[in-house]
Amino acid sequence: MAKNFSEMEDSNRSSNLSIHAVIETSRRTFLRNGAAVSLATVLAPLSGCAVLAGPSNKIGFKPIPVGMGDQLVVPEGYTATPFAPWGDPVGIAGRMPPFKMDGSNSADDQAVQLGMHHDGLEYFPLQGSSRGLLAINHEYTDDGLLHVGGFNPMNPEKVRKAQNAHGLSVIEVEMKNGRWNMVRPSPYARRVTLSTPFRVAGPAAGHALMRTSADPQGLTVLGTLNNCASSKTPWGTYLSGEENFAFYFGAGDKPTQDQQRWGAPKSGFFAWDKHDPRFDLQKNPNEFHRFGWVVELDPMDPNSTPVKRTALGRAAHEGAWVGVTKDGRAVVYSGEDARFEYIYKFVSRDKIKQAGNGLTQAQANQDLLDHGVLYVARFDADGKGQWIPLVHGHGPLTAANGFADQGEVLIKSRQASDLLGATKMDRPEWLTIDPLSGWVYCTLTNNSQRGTPGKPGVDAANPRVNNFMGQIIRWKDAYDFDGRTFEWNLMVLAGDPANERAEAKGNIKGDVYACPDGITFDKQGVLWIQTDAHATQMYKGELSRIGNNQMLACDTATGETRRFLTGPTNCEVTGVTFTPDSTTMFVSIQHPGETPSDRSDPSKPRRYSNWPDYAPNGRPRSALVAIRKVDGGIIGS
């Protein structure tokens, strides 16, 4: 979604003092005015780990060089097979229209085909590691590739096709003769689009701010959009965040204060507001409040209704990741990919239930994420931090300050976090939890506005001005995942030591990278890092030596990173999941051939990339890649 820095959302104009503004300056640790200041506190190693202390003993592959061409590359001894690209039918019986290379598929065709711009994905086994379901989300659309003639002129039918290219897909996959393919038709195959009914659950369900003329009860929303990142819950469902939803709406010349805080533009980036009144905020102001939630889907039940979980708060959500407390409750961590926004966690009131009484585990926990407490993070300069509750009546979260009840606190979670003094972060992206240590990791992909005139300055957790490179932060909650305090440090500052600017050098040990985005741990405790530099950044300036976006493996005990995959030209490498035996890794390759404007010229669809088909009359297509070792071994070993 429009990652061009000139277009990224930057809506936090809160005037409250950050906690860092009142902490004693001598306790701060950051880079200021281009000069390196000690980072000993915030780069401290995990207890018992020798960070940056020798070669990895967990990673067995030989790293690959920087990628520059329109191809996907993996190490020697591995194979990478693209499949399930945008436009292929998902496998709904009797409704499997083939993809047309000229972009002439109809809106109805697109409703049963894989959506555009694959992002988060998760594997749900049916027969162990040889057959299962993949749940995928589709972040946004490039109208220059999606339609014949592209964006101009836009019309209601093109808008409907674009809406059908958003959302979620569920496909069945199986491995035969060492190769993964889609199973079609499949009783599990499903598309979720902007026409799919979602149930609204949690404290904001039925709230006055959620009601529209089409839904006067405020309990049913049609569709989900700009879905980014994903996770698999312990009870077997799929979670996905609605990220940059504000770009789809048009607020006109006089947006409200609330709409401004959430970045609603005058006109929508995709022109939906011109052809679908749902997205015209002058006609339907409350439709805006019905997006920005974490959504939950049961991929094993194709007849189930997906849900918007309002207890987890409204934000430009970059997914949601679940930890389990010692007493069996769910803790959901999330961040929002926008400049100077926040990191959250939700602690469930109830314990995770087991399957029984005729219910699957997903069905037994269908209300689990509707009851609990949402918190926002404050990172203090001494390597400690606090989780501050977003609870109506707590501190400034009162009716006098614009919060009539708990539902309004959650609908306006940004404004609530502003008043609570939460730490303004450098675009929190994916999170993951180390299965061996319990530390939580979060990528802060970049923030070119940090420390510029009129914008928040550096602080301990976000220590670089004009932060083009990004960093990875980590924390461990006190005693358990539901702890109200935590300790934290910066695992790494991304960058290239060959750069002149101190803030762009980083401290990576091993293969360099910038703009960390997707992130996950495998069962062996290896941290996999994916990158998302924009087409306006790559191949020049401080990123000139870093090449195409990539995926790396990191041994957090030694700090070493090794480059494992490089993607085709201008793609984003995002989304990763494994089969239970760890012998197959599935990766999403998003927007190959991305243009600097985020919208392709329909007369030149292959200008930057023609991956993965390389068809002479084709166009680049987001797709999944199945990666295996030639010897059938564990990925990364």
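Show me the strands (runs of 3 or more DSSP E) entirely contained within region 528-637 in which 1 or more residues are crowded, with 20+ Cβ neighbours inside 10 Å and among the small types (Gly, Ala, Ser).
Once the strands (runs of 3 or more DSSP E) in region 528-637 are filtered for at least 1 residues that are crowded, with 20+ Cβ neighbours inside 10 Å and among the small types (Gly, Ala, Ser), what remains is 550-555, 572-578, 584-590, 623-629.
Among PRO98, PRO75, PRO63, PRO125, which is the only one that is without any contact (Cβ under 8 Å) to a residue 60 or more places away in the chain and either surrounded by fewer than 21 Cβ atoms within 10 Å (Cβ to Cβ) or not in a loop (DSSP other than H, G, I, E, B) (or both)?
Unique residue meeting the criteria: PRO98.
Quick grid of which residues meet (1) touching a strand residue (DSSP E or B) at 6+ places or on another chain (Cβ under 9 Å); (2) more than 22 Å from PHE270 (Cα to Cα); (3) at pLDDT 95 or above:
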site	(1), (2), (3)
THR566	yes, yes, yes
VAL573	yes, yes, yes
THR579	yes, yes, yes
THR583	yes, yes, yes
PRO592	yes, no, yes
PRO605	no, no, yes
TRP611	yes, yes, yes
ALA626	yes, yes, yes
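Answer yes or no as to whether LYS161 is more than 30 Å from ILE627 (Cα to Cα) and either touching a Lys or Arg at 6+ places or on another chain (Cβ under 6 Å) or open to solvent by less than 20 Å² (accessible area, probe 1.4 Å) (or both).
The answer is yes for LYS161.
What residue, of ARG199, ARG190, ARG184, is touching a Gly at 6+ places or on another chain (Cβ under 8 Å), open to solvent by 20 Å² or more (accessible area, probe 1.4 Å), among the basic types (Lys, Arg) and modelled with pLDDT of 95 or more?
ARG184
Taking the condition hydrophobic (A, V, I, L, M, F, W, C) and either open to solvent by 10 Å² or more (accessible area, probe 1.4 Å) or more than 20 Å from the chain's Cα centre (by Cα) (or both), does LEU374 pass?
Answer is no for this residue.
Which ones in region 326-364 are under 19 Å from THR432 (Cα atoms), modelled with pLDDT of 95 or more, among the small types (Gly, Ala, Ser) and surrounded by 14 or more Cβ atoms within 10 Å (Cβ to Cβ)?
Those that are under 19 Å from THR432 (Cα atoms), modelled with pLDDT of 95 or more, among the small types (Gly, Ala, Ser) and surrounded by 14 or more Cβ atoms within 10 Å (Cβ to Cβ): ALA330, SER334, GLY335, SER348.
Restricting attention to region 147-157, does a residue exist that is assigned to a helix (DSSP H, G or I) and open to solvent by 10 Å² or more (accessible area, probe 1.4 Å)?
yes
The values are calculated or read from the model by the stated rules, or taken from the named source; none is laboratory data. Here the structure is a predicted model, which means the values were calculated and not measured. Note that each Cβ is placed from the backbone with ideal geometry, even for glycine, and that neighbours are counted across all protein chains shown. With ligands, DNA and RNA removed, areas are computed over all heavy atoms of the protein, side chains included. Shrake-Rupley method; radii C 1.70, N 1.55, O 1.52, S 1.80 Å.
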